[in-house]
Amino acid sequence: MPELAEVDYFRKQWNPGLGHRIDEVLIHPKARVFRGTDAARLIRALTGALLERSEARGKQMLFVAREKTRRANDRAWLGLHLGMTGELRVEPPDFSPARHDHLVLRQAARALVFQDARLFGRVLFAESATAPAWWAKLPPDLLSVSFTVKTLADFLRRRARAPIKAVLLMQERFPGIGNWMADEILWRAAIHPRQPAGSLDAPAIRALYREIRAVCRNALRVIGTDWSEPPDTWLFNHRWKKGSACPRTGAKLMHAAIGGRTTCWSPARQKLVT
DNA sequence: TCCTATGTTGTATG
DNA sequence: ACATACAACATAGG
């Protein structure tokens, strides 16, 4: 479910817990979301710690806590990835975790819950004075000044033979873009999802750059703020149901698997060019 | 029963 | 080594 804006929306669901102590940590230790993570150490470190702040970068979230017993500069770094079905929510403090509630941070006035039915999500953890590599090495935000037309063009050249739809899903360059955002971007830029990434000319690359930024901005503003329904001028509201019409041309939308993912496009405005 | 799902990753192949 | 394609992961819902 979660892409850039949905992730930021879920991150903010835990805002009521910032500035408050964690009294108890409850986990399902054998859940797949803890693969590669020392869950016992996570419990030890976060119990009694003060939850200070949070951030989101692409689809990755970070929660930073200060431990009582460690040196003043040390922090506990909790990374959360929501996978396909992860969600963050708040429950009353006496809440008991259900089957899919794999991590619960219990505080005096509330419980912060991470749920994930399909277990494609992930929990990361570190204790250190500076951010761990899995956070510090994340690629630059698509709305930051370091994502430029040249950055984009260089990446497309390296992935020249892959369909542009598959390339937009690569998190190493397009953090936060997922299946619906990729389709929305290509539809707005009038680029066919099967178009090889290396075959885009300079005007197409500029259009792609512009629409990547626009879709990120719009998604964060509309969905990321309060999960508002996007307007019908987006592809978003039409892409899920087969047989629906392109909101710009009125022509029938097409669906096919491209890059291993269900893809929706408007053949009336997205043409393969050779 | 079969198919689908807003994601990543390990592995095979070129 | 690098780029590409795809099965696998686990569960719920239509």
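Values as computed for the structure displayed
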| quantity | calculated |
| --- | --- |
| Scattering curve values for chain A, log₁₀ I(q)/I(0), Debye with Cα scatterers, q = 0.11, 0.15, 0.17 Å⁻¹ | -0.68, -1.08, -1.26 |
| Karplus 3J(HN,Hα) series, Hz, for the range A:19-25 with 6.51 cos²θ - 1.76 cosθ + 1.60 (x for Gly, Pro) | x, 10, 6, 9, 8, 7, 10 |
| Partners for A:K150 among aspartates and glutamates (Cα-Cα distance below 14 Å; same-chain residues under 8 apart left out) | A:D201 |
| Dipole of chain A, positive end: most advanced residue of A:G83, A:G121, A:Y209 [Cβ charges, Cα centre] | A:Y209 |
| Kyte-Doolittle at least -0.5, axis length at least 24 Å by Cα - qualifying DSSP helices, chain A | A:202-226 |
| Only Lys, Arg (+1) and Asp, Glu (-1) charged, at Cβ; the range A:4-136 dipole about Cα centre in debye | 260 debye |
| Distance in nm between pseudo-label sites at A:R35 and A:D23 (7 Å out along the Cβ direction from Cα) | 3.5 nm |
| Per-pair calculated FRET efficiency, R0 = 35 Å: A:L143 and A:A72 via Cβ, rounded to 0.05 | 0.55 |
| Mean Cα-pair separation over length for chain A, i.e. relative contact order, pairs under 8 Å, 6 or more apart, % | 18 percent |
| Under-5 Å amide H pairs with A:R53, H placed in peptide plane, nonlocal only | A:V64 |
| Dipole magnitude of chain A, debye to nearest 20 (Cβ charges: Lys/Arg +1, Asp/Glu -1, about Cα centre) | 900 debye |
| Of A:E229, A:E67, A:E55, the one that fluctuates the most in a GNM where chain A has Cα springs shorter than 10 Å | A:E229 |
| Two-decimal ratio, the range A:149-265, of alpha-carbon radius of gyration to 2.2 N^0.38 Å | 1.02 |
| Computed over the range A:4-136: relative contact order in percent, which uses C-alpha pairs under 8 Å that are six or more apart | 30 percent |
| Spin-label proximity, A:W227 to the range A:54-89 - amide N less than 15 Å from point 7 Å beyond Cα toward beta carbon | A:85-89 |
| 22 Å tail of the calculated P(r), the range A:4-136, as % of Cα pairs | 28 percent |
| Charge-dipole axis of chain A as Lys and Arg at +1 and Asp and Glu at -1 on Cβ define it, positive-most pick from A:Q13, A:C264, A:Q60 | A:C264 |
| Phi-based couplings in Hz for the range A:228-242 (Karplus 6.51, -1.76, 1.60; Gly and Pro marked x) | 5, 5, x, x, 6, 6, 8, 5, 2, 6, 10, 6, 7, 9, 5 |
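Throughout, read-outs are computed from the coordinates displayed, never taken from laboratory work. All values reported here derive from a predicted model rather than from experimental measurement. Note: ideal-geometry Cβ built from the backbone for every residue, glycine included; neighbour counts use all protein chains shown.
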